[in-house]
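In what follows, a single structure is set out as C-alpha cells and then discussed.
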Amino acid sequence: MTTAVAPTGAAPPATRTSKTPKGRKGMKSVYPSWFYIPAAVLFLIFFAVPTFSSFYFSLTRWTLFDVQFIGLDNFIQFFQEPQLVTAFTNTFIYGFVTSAAKVVLGLALALLLTGPILGRGYLRGVIFFPVLVSTIGIGFTFKALLDPFHGIVNNVLGFLNLPQPGWYTDPGLALLTVAAVDVWKGVGIATLIFMAGIVAIPHEYFEAARMDGAGAWSVFRNITLPLVQPATATVIILSLIGGLRSFDLIWAITKGGPGFTSDVIASVIYKQYQAGFFGLSTAGNVILFVVVIAVMVPVSIFLNRKQDEL
Amino acid sequence: MSHVSKRAVAVVAVAAMSGLALAACSAGGGGDSGDGAVEISYLTQSDDNNTNQAKALIEAFEAANPDITVKLETQPGGTEGDNLMKTKLSTGSMEDVFHYNSGSLLQALNPDQTLVNLSDEEWVSDLTDDFKAVVSTDNGLYGAPWGASFAGAVMYNKTVYEDLGLEIPTTWDEFIANSEKIKAEGNGVAPILQSYGDTWTSQLFVLGDFANVTAQDPEWAEQYTANDPNAKYVDEPAFAGFANQQEAFDKGLFNEDFPSMTNAQAMEALATGAGAQYPMLTATIATIIQNNPDNVADIGVFALPAANADDTAITIWQPNAIYISKATEGDKLDAAKKFVEFANSSEGCDVQNATAAPAGPYVTTACTIPDDAPALVDDIQAYFDSGKTGSALEFLSPIKGPNLENITVAVGSGITPAEEGAAQYDDDVKKQAQQLGLEGW
C-alpha cells in the first residue's frame, strides 16, 4: 500500500519548488538548505527506499529467508491468477458504485443539511459519525447485523414476511452489500465536502435566479450543480481512489468470499502475502499502483480541465 | 506486576548511576535477574483450547521448576499466524518456545535455519517414526509432540444413527443413502453439517479423503511432490474429494445455514443432534467437551468412505509440535529445552490428558490414553487395529496449496463445479511448489 501512497504524496512539494524560481525571479528560498534535511531523510527512509526496494522484490521469489531473482515471472504468474479477472472486475464495480453513490447521496444530503431544517447541527453530526468509527469495527458490526440466518436485519424481514437475502453469503450480492456499507461509512465525508462547496456559492446568484423566476430544480441544475464542480471533482477522486484500493471492509465482512466472488485486487494481494508468496504479492502491489495511477491521472486531468473551463 | 515494577526500579537506578552500566544491563537481556532465575516465553494460538492447555502446562512446569518463569504469548492461528511466524523467525524476534503445526507448514518455516535441532534429546527415542518424519529435515529433528494424533473423518451423532436404524457406511453410495434417509425421515435434522463461516472447515471432503487416495495408489503423494502428471487433483483418485463435495451440495444434504455457520456452532449442532454427520478433524471434540460435556459419548467417527469399501481408510493427522527458536541461547536455551522435555514427561502427559482430551492415539510412548478419553478414540483405534489408516497429505508432501479453503467453499456452495475447483487447486499447488523451490516445477 505504501508504494501507492508515496509518489503521490511526494509530487506536490516537488512541483511547488520547481515553480518558485520561475514564478518569483531572483527570490531565494526562505529556508537554508540544511533545513530540508530531516524531512528528506525521513522521506528517503520511509518512502523512497521501500518504494524502490518493492520494485526490486517484485522481481524475486522471496521467502523472507532468502531471495531468488526470477525476472518478470511474478508478473506473468499474477496475470495468470484464476481469480484475477474477477478481482479486476470487482475492483472496478466496487470503485465506481461506491464513488457514484457517494456523489449522489452526498450531494442530496448536503443540499438538505445546508437548507433551513430543524436540528441541522445534530443531523450533520449523525451523518458524519460513521466516518469516525473504525472500519473494521463497522465491518464486524454489519457482519453481525446482516447475518443471513441469525442477524437482526433478516429476522425483521422474516417477521414482515419479506424475502431474506443472504447479504454476504449470496455470491451475486456479497460485493454490493460491502459496497453499500462502504457508502454508509464514507458518505459523511462526501457530504461535508459538498456542504463546503454549496456554502461557498455567493448568495447573489440564487437571489438573481429567483428574481428571474427560476424554480428549485432550475436553481439546482443551473447554479448549484455547476458551481460545486470543484467539490464534485474532489469527492469523485477521493472515493474512486479509496474504492480502487479498498480492502479493510471487504476483508472484515467477506474475506473475498464466498469462494472468490467478492475478491478485489487488494484482497487477492493480501491472500498471496498471507500464503507466503511475498515476491508475487509485491508484484501485485506494483500492478495495483500502476492501475490506480492509470485510472486516476486521466480522471483527475479531465475533472480539473472542466474546473478551469468554468 | 510487582516483578515488573521491581525490575523497572532497578533499571532506573542503574541508569542514574552511569550510562555504561545501563548498556551492560540491556545487553544482559530482560529476563535475567542474576540469581539463577530465568524467564522464557512460550507462544501458542489464541483460541480457548490452545490457551487453556498452554496455561495448564506452564503452571505445572513452574511448580516443578521454581527458578524458571514462562511468559505466555498468543497469536491468531491460520494463514495469518503462518505469516507472523515467518516474519518473527526471519527477523530473530520469535518467542523462545512456540507451538505450531508439523508437516508441510513446518517445512515452510525453513527449520534448518531458524530452529534448534533437538535430535539429541532423550525424549526423541519415545516418538513414533511417523511423527519423527514430520518434524524433521535431512539435517535434524526440530519438534516435540503436543497432543495426540487425530483423524480427519466424519464425526456423527450416534443417537440420530440409532433412532433411524442406520449402519456405518463403508462406501460413498452408502454414505449418500444414509444422508438421504436422514433428510427424509430425520424431522429436520441436517444430514451433513458444513460451516463456511470458518472457511478452513470446508476442506475436509478433500483432505479427509486422502487415505482413500493412498489406498488406491500408494505412490500418489510421491508423484504429486515430483510434479508427475499422473498425480493431479483433476484426475481420479484424488478428484473424488471435490466430486463428493459437489454431489453432497447438489443433493441438498447440507444444513440450511451452511454459508455462515461457524465451526463452534456446527459442533454444538452435532452434539445436540440438530446435525447428524460432520466431516471434521476429531481434535475439535475438545469444543464439545467444553460446551456440551454431557454429549461427548454420543459422538462417534467413521472414515470418509471411498467408492469401494476395500479402499476406505481413515485419514490421520500428526499432532502439532513444540519448537525452540534458534535465537534462543545460553540459560534460556537450557530452560527452553527443560520446558520441551517436561511437556513430554509423564507430568506433561497428565496435563495433555486433563486439558487436551486426546482424539486419537499418542505418538510418544511417554503418554497413554486415559480411561475417560472421548468415545470416538475407540472408533479411531479400531481403524488402526485393522490397518485401515493413512496419513494426511500434508505429512507426506511439503506442498499444500494455500487457497484450498476458498476453492472448497466455492465448490461446496455450488459456485464452482468440482472439475474447475480441482483445476484451480492444481494451479495453486504449482505456485506453492515453485515458492518452495522444489525441483521439477
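The values are calculated or read from the model by the stated rules, or taken from the named source; none is laboratory data. Only a predicted model underlies this, so the values are computations on that prediction, with no experimental measurement involved. Here the Cβ positions follow ideal geometry from the backbone for every residue, glycine too, while neighbour counts run over all protein chains shown.
Within region B:103-119, the residues that satisfy the criterion of being in contact with a strand residue (DSSP E or B) (Cβ under 8 Å, 6 or more places away or on another chain) and at pLDDT below 90 are B:Gln107, B:Leu109.
For region B:89-103, indicate whether the set of residues that are in a helix (DSSP H, G or I), under 27 Å from B:Cys367 (Cβ atoms) and of a type in the set (A, V, I, L, M, F, W, C) is non-empty. No, every residue in region B:89-103 fails to be in a helix (DSSP H, G or I), under 27 Å from B:Cys367 (Cβ atoms) and of a type in the set (A, V, I, L, M, F, W, C).
In region B:234-250, the qualifying residues are those that are assigned to a loop (DSSP other than H, G, I, E, B) and touching a helix residue (DSSP H, G or I) at 6+ places or on another chain (Cβ under 7 Å), and the one that is nearest to the other protein chains (Cβ to nearest Cβ) is B:Val234. A single member of A:Thr91, A:Thr86, A:Thr63 is β-branched (Val, Ile, Thr), away from every other protein chain (no Cβ under 13 Å), out of contact with any His (no Cβ under 6 Å at 6 or more places or on another chain) and in contact (Cβ under 8 Å) with a residue 60 or more places away in the chain, and it is A:Thr91.
Summed over region A:166-209, the residues that are hydroxyl-bearing (Ser, Thr, Tyr) and closer than 19 Å to A:Pro148 by Cβ give a count of 3. Residues in region B:111-137 that are part of a loop (DSSP other than H, G, I, E, B) and either more than 28 Å from B:Val429 (Cβ to Cβ) or without any contact (Cβ under 8 Å) to a residue 24 or more places away in the chain (or both): 6 in all. Residues in region B:419-436 that are of a type in the set (Gly, Ala, Ser) and in contact with a helix residue (DSSP H, G or I) (Cβ under 6 Å, 6 or more places away or on another chain): 2 in all. Take A:Leu111 and tell me if it is farther than 25 Å from A:Trp251 by Cα and assigned to a loop (DSSP other than H, G, I, E, B). Against the criterion (farther than 25 Å from A:Trp251 by Cα and assigned to a loop (DSSP other than H, G, I, E, B)), A:Leu111 does not qualify. Count, please, the residues in region A:101-110 that happen to be surrounded by fewer than 17 Cβ atoms within 10 Å (Cβ to Cβ) and touching a residue at least 40 places away in the same chain (Cβ under 8 Å). Qualifying residue count for the region: 0. Answer yes or no as to whether A:Ile127 is among the hydrophobic types (A, V, I, L, M, F, W, C), crowded, with 20+ Cβ neighbours inside 10 Å and either within 22 Å of A:Val228 (Cα to Cα) or within 14 Å of chain B (Cβ to nearest Cβ) (or both). Against the criterion (among the hydrophobic types (A, V, I, L, M, F, W, C), crowded, with 20+ Cβ neighbours inside 10 Å and either within 22 Å of A:Val228 (Cα to Cα) or within 14 Å of chain B (Cβ to nearest Cβ) (or both)), A:Ile127 qualifies.
For region A:182-291, the helices (runs of 4 or more DSSP H) that sit wholly inside it and include 3 or more residues that are within 14 Å of chain B (Cβ to nearest Cβ), buried (at least 19 other Cβ atoms within 10 Å of the Cβ) and out of contact with any Gly (no Cβ under 6 Å at 6 or more places or on another chain) are A:265-274. For B:Leu404, the stated conditions do not hold, so it cannot be described as within 14 Å of chain A (Cβ to nearest Cβ) and surrounded by fewer than 19 Cβ atoms within 10 Å (Cβ to Cβ).
Restricting B:Ser391, B:Ser346, B:Ser413, B:Ser386 to those that are away from every other protein chain (no Cβ under 12 Å) and crowded, with 20+ Cβ neighbours inside 10 Å reduces the list to B:Ser391.
Of all residues in region A:66-81, those that are surrounded by 16 or more Cβ atoms within 10 Å (Cβ to Cβ) and either farther than 25 Å from B:Gln113 by Cβ or at the interface with chain B (Cβ under 8 Å from one of its Cβ atoms) (or both) total 4. Tallying residues that are closer than 30 Å to B:Glu419 by Cβ and more than 21 Å from the chain's Cα centre (by Cα) within region B:245-293 yields 18. If you go through region B:366-378 one residue at a time, do you hit one that is small (Gly, Ala, Ser) and under 30 Å from B:Gly440 (Cβ atoms)? No, region B:366-378 contains no residue that is small (Gly, Ala, Ser) and under 30 Å from B:Gly440 (Cβ atoms). For B:Gln194, the conditions (1) surrounded by fewer than 24 Cβ atoms within 10 Å (Cβ to Cβ); (2) modelled with pLDDT of 95 or more all hold with the exception of (1).
Just one of the listed residues (B:Asp428, B:Asp371) is surrounded by fewer than 21 Cβ atoms within 10 Å (Cβ to Cβ) and either within 30 Å of B:Leu115 (Cβ to Cβ) or away from every other protein chain (no Cβ under 14 Å) (or both), and it is B:Asp371.
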